Amino acid sequence: SSFIDKGLTDPMLDGPSWVGADAALAFTSFGNWAVYQNSTASDLRLSKQEQSGWSLAREWTEGAVGFFADAAEMNGKLYIAHALIRARIVDGKPVADNQLRLEVFTP
C-alpha cells in the first residue's frame, strides 16, 4: 500500500487536514491519478503517482468544492467532475447554491 496524501498540509493553520473524501482513481495513458476532497478546507485535490510516490498536481480552492469527485481521460486530458455545495443568504434565508462542475486538466 502507499499514501496518496497524509493530510499534513495546514491550509487553515489549525492542524492536519482531513483528506480523501469522495476519492476516485483514474488510470490513464499519461499516468495514474487520484482526485479527492480536502474536507478541512473544502478543496478539490488532484494527485499523480510518481516513481517516488504520490505528489499533489493541482488544487481547486474556490469554495466548498470536491464533493462526489470522479475523473476520466479523453484525448490526452483529464476531465474531473465534482460538486460545489453551499448555501447563500437571500432575504435573510439560506438558499441552496449548488453547482455541478467540470474541470479540464492537461498534464
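All of the numbers you see were taken from the coordinates with simple rules; none came from a lab. Keep in mind that what you see is a predicted model, and the values were worked out from it rather than measured. Every residue, glycine among them, receives a Cβ derived from its backbone with ideal geometry; neighbour counts consider all protein chains shown.
Computed from the Cα positions only, the extents of the chain along the three principal axes stand at 52, 36, 19 Å, in decreasing order.
Under 5 Å between amide hydrogens, built in the peptide plane, is the criterion, and for T28 it picks out W33 among residues at least 5 positions away or on other chains. Could you compute the FRET efficiency for K93 and A21, with r as their C-beta to C-beta distance and R0 at 41 Å, rounded to 0.05? The calculated FRET efficiency here is 0.90. Excluding same-chain neighbours fewer than eight residues apart, the aspartates and glutamates reachable from K48 by a Cα-Cα span under 19 Å are D5, D22, E59, D70, E73, E103.
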